[in-house]
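> I have a structure I would like to understand better, so I am pasting it below and will then ask my questions one at a time.
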Amino acid sequence: MKAIQISGTREISLIEAPEPVITGADDVIVQIAGVSICGTDIHTYTNTHPFVKPPVIVGHECSGVVTAVGTAVENVKVGDRVAIDPVLGCGECAPCNNGRANACAQVKCRGVHVEGAMQELFKVRAQDVHIVPDALADLVLAAGIEPFAIGAQAVWRGNVSAGQTMVIFGAGPIGLTTMFMAMERGAECVLVDMKEDRLKNAVRLGAKGGVNAAAPDVKEQILAFTGAAGADVTCDAVGHPTIVDMCVELAAPTGCVVLLGMDGQKNNVTELAIFRKELTIVGSRMNSNMFPTVLELIGEGKLPLEAILTHRFTATEAAEAFEMAIRQPEGFCKAVIAF
């Protein structure tokens, strides 16, 4: 079978890989329909990821059709259209037993810590596959379910509710999926980004407002949308210490700060800044069982997957897809590779 391999720094190879076979009772083999490209995949492609190095097959946002199942599999059958949850916990620790495998100390993500989905056939566990509703005719778009699950996790962690205002730093794919999931809960969202086309897109898609992060009065502009007290929930969907500082500063008293982006640098937040407003600070990592929530909304036609997966490529065009994901031209949000 064909597989897309990152074979070197900014090098893509279409290779022949051995087909997976059923070896365990809960195995499921999926014929991949679509895999979308994540920021983590780009870091691997440019050889800037801290531990994932070429040659490797990446991809963790994916969909496809079940072609084979193990003897104990009951939740899906051959022919079912499915999306795949990439989170792999140990299955034995307290977080795993409490349905929070994303917080497992030994957690792995497909396409990052283990082999990814950019191949024609992909073997996964039965518990990781979720049936895609018939309302979504284009199965390739179901590759966008995983990014929406990340957004669902973020608004769940932030306890976002109707009538609230949420400020989201980052109007890229994850910022937008977080926005959509917050709006589904009845909240209004303000997006902050460096790129004007992304801000205009966010407003077109339903944001209450868009603020350029480079503006000298960025904080004043945000407060004009939220009110002088600040936002009920703020979210860093980028991953930068200055954004964490702003999230704390712009959160209203008793508000919540959601740390969704990833960065290892130190920030300037003090205990006093949190104490004075009695803020809740939460992390949001991948997702914990959010696929059913997202799939239900997709079944009701409430989530615009096409607004996230804006550019489609074939497997032979994979290198072009990765390069576009780096350039991010105007109008681009996320690339998906259709097999």
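> From the backbone phi of region 66-80, what are the Karplus-calculated ³J(HN,Hα) couplings (6.51 cos²θ - 1.76 cosθ + 1.60, θ = phi - 60°) in whole Hz, Gly and Pro given as x?
5, 10, 7, 9, x, 5, 9, 6, 10, 7, 9, 9, 4, x, 5
> Whole-Å semi-axes of region 1-127's equivalent ellipsoid, largest first, each the root of 5 times a Cα gyration tensor eigenvalue?
Gyration-tensor ellipsoid for region 1-127: 24, 20, 11 Å.
> Across every pair of different alpha-carbon atoms, what Kirkwood hydrodynamic radius in Å does region 266-330 reach?
Hydrodynamic radius (Kirkwood, Cα only) of region 266-330 equals 16.6 Å.
> Please list, or write none, the lysines whose alpha carbon is within less than 21 Å of the alpha carbon of K208, excluding same-chain residues fewer than 8 places away.
K195, K200, K219, K302
> For region 263-271, just list the computed ³J(HN,Hα) in residue order, Karplus coefficients 6.51, -1.76 and 1.60, θ = phi - 60°, integers in Hz, with x standing in for Gly and Pro.
Here the 3J(HN,Hα) series is 7, x, 6, 7, 10, 9, 5, 10, 4 Hz.
> Using a 1.4 Å probe on the protein chains only, how many percent of the accessible area of region 158-225 belongs to carbon and sulfur?
Whole-percent figure for carbon plus sulfur exposure: 53.
> Treating only the Cβ atoms of Lys and Arg (+1) and Asp and Glu (-1) as charged, compute the dipole magnitude of the chain about its Cα centre; round to the nearest 20 debye. Present the calculation step by step, with values, prior to reporting the outcome.
On the way: 26 positive and 38 negative charges, 83 e Å.
Here the size comes out at about 400 debye.
> Based on alpha-carbon positions alone, could you give the equivalent ellipsoid semi-axes of region 73-176 from the gyration tensor, as √(5λ), descending, whole Å?
25, 20, 14
> Quick one: accessible area per residue over the chain, 1.4 Å probe, rounded to a whole number of Å²?
Per-residue value: 43 Å².
> Using just the helices of the chain, give the 222 nm mean residue ellipticity in deg cm²/dmol: DSSP H runs with n ≥ 4 each add -39,500 (n - 2.57), and the total is spread over all residues, rounded to 500.
Working: 10 runs with 90 residues, N = 339.
For the chain, the value works out to -7500 deg cm²/dmol.
> Determine which lysines satisfy two conditions relative to K77: a Cα distance under 22 Å, and not lying fewer than 8 residues away in the same chain.
Excluding near neighbours in sequence, the set is K123.
> Please report the antiparallel percentage of DSSP beta bridges with both residues in the chain, rounded to the nearest 5. List each step's numbers first, then the result.
On the way: 33 of 60 bridges.
If we restrict to bridges inside the chain, about 55 percent are antiparallel.
> A follow-up question, please. Quick one: in region 206-267, what % of C-alpha pairs are over 17 Å apart?
Of all Cα-Cα pairs in region 206-267, 40 percent lie more than 17 Å apart.
> Kirkwood hydrodynamic radius of region 31-73 from all distinct Cα pairs, in Å?
12.2
> On to the next question. With a Cα-only, solvent-free Debye model of region 217-312, what are the log10 I(q)/I(0) values at q = 0.12, 0.16, 0.22 Å⁻¹?
-0.52, -0.82, -1.10
> For a quick size check, give me the Cα extents of region 103-162 along its three principal axes, largest first, whole Å.
Rounded to whole Å, the extents work out to 42, 37, 18 Å.
> Hey, what's the Cα Rg ratio for region 138-262 versus the globular rule of thumb, 2.2 N^0.38 Å?
Relative to the 2.2 N^0.38 Å estimate, region 138-262 comes out at 0.97.
> Also: Taking the Cα atoms of region 148-210 alone, what are Rg (to one decimal) and Dmax (as a whole number) in Å?
Gyration radius and largest Cα-Cα distance of region 148-210: 10.3, 29 Å.
> Still on this model: When ranked by the protection proxy of mean other Cβ atoms within 10 Å per residue, highest first, what sequence do the peptides 213-221, 248-256, 30-38 form?
Going by the mean number of other Cβ atoms within 10 Å, highest first, we get 30-38, 248-256, 213-221.
The values are calculated or read from the model by the stated rules, or taken from the named source; none is laboratory data. Keep in mind the model is a prediction, meaning the values are calculated, not measured. No Cβ is skipped: glycine too gets one built from the backbone with ideal geometry, and neighbour counts run over all protein chains shown. SASA here: full protein model, heavy atoms, side chains in, ligands and nucleic acids out. Shrake-Rupley method; radii C 1.70, N 1.55, O 1.52, S 1.80 Å.
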